[in-house]
């Protein structure tokens, strides 16, 4: 049985190993595969098992690889695969749920704390000699913000949203949450569900943790941004297209909101001409919230377990549209 990993470098740049998959079948790992149908078809060849993270497996590709029986998506989101086509062709598709919950929640708070204290910028200022030249015993180049008593709005209150709320509450933040399927048992003295408009207007910090669907695409736009406080801070560790990036740039540059921290963008890697690069008070990181070694280890283990379960005719984490 031949197993092909189309884009293994992101999951395993060298600090993990592929031994568990090597024990299952003949393994071929490509660090990267060009996003070109012909190249993808060539890389898959006669493989029965394929793993992909972001390499697209759409209709034309799936129809040209007749041996393919199983696709393991090395991520939670599976929009890179034409799932309906795969189903029609008898190809099982699985994903990796929940592996990054802790990592993403932690990174969300790291982005928030960076916006509150600008630790990196102040450290660079010290190394540039600014402290040595200061007439005072200390200095700060940005407003310093205390979190206790403020309100954090969490859009999408699933595993990651709830994990983020738990950490935020430890900082003394009050939580307002929006979910399409609220679980009222999660409400408490410091956490309650509200409408989306209420969340926008009441929150000092807004953190996005919802999936990308047609109805959530562009949910942060000129209209919603104008509902927010001028002091509001926006965080997105979910999906780039949740935000209309031109509208966010304008909101930041005109003071409609105070700041934003983004780990995702509509086009990834970020286009060199991205409008986000013209935005004031905007932190951008290269989609790394998920990528702790611990999270990637969990991802690898689940990917192997998914394949083992499939081969035992007890498939798990199967996705469908």
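The values are calculated or read from the model by the stated rules, or taken from the named source; none is laboratory data. Just so you know, these numbers come straight off a predicted model, no measurement behind them. No Cβ is skipped: glycine too gets one built from the backbone with ideal geometry, and neighbour counts run over all protein chains shown.
Of note:
- Scanning region 30-62 for residues that are more than 24 Å from the chain's Cα centre (by Cα) and within 18 Å of residue 308 (Cβ to Cβ) gives 47, 48, 49.
- The residue of region 2-19 that is farthest from residue 307 (Cα to Cα), among those that are over 26 Å from the mean Cα position of the chain (by Cα) and surrounded by 14 or more Cβ atoms within 10 Å (Cβ to Cβ), is 2.
- Flag for residue 47 being in contact with a strand residue (DSSP E or B) (Cβ under 6 Å, 6 or more places away or on another chain) and modelled with pLDDT of 95 or more: yes
- Residue in region 149-172 that is assigned by TED's automatic domain parsing to the domain that holds residue 109, within 28 Å of residue 272 (Cβ to Cβ) and out of contact with any strand residue (DSSP E or B) (no Cβ under 7 Å at 6 or more places or on another chain) present: no
- Here the condition is being crowded, with 21+ Cβ neighbours inside 10 Å and either modelled with pLDDT of 95 or more or under 19 Å from residue 263 (Cβ atoms) (or both); of 193, 178, it holds for 178 alone.
- Answer residue from region 149-162, given it is crowded, with 20+ Cβ neighbours inside 10 Å and closer than 15 Å to residue 109 by Cβ and is nearest to the chain's Cα centre (by Cα) among those: 160
- Where helices (runs of 4 or more DSSP H) fall wholly inside region 218-321, the ranges with 1 or more residues that are over 21 Å from residue 202 (Cβ atoms) and in contact (Cβ under 8 Å) with a residue 60 or more places away in the chain are 293-311.
Residue-wise test of (1) surrounded by fewer than 17 Cβ atoms within 10 Å (Cβ to Cβ); (2) over 15 Å from the mean Cα position of the chain (by Cα); (3) modelled with pLDDT under 95.
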residue: 198; (1), (2), (3): yes, yes, no
residue: 204; (1), (2), (3): no, yes, no
residue: 208; (1), (2), (3): no, no, no
residue: 211; (1), (2), (3): yes, no, yes
residue: 215; (1), (2), (3): yes, yes, yes
residue: 222; (1), (2), (3): yes, yes, no
residue: 228; (1), (2), (3): no, yes, no
residue: 237; (1), (2), (3): no, no, no
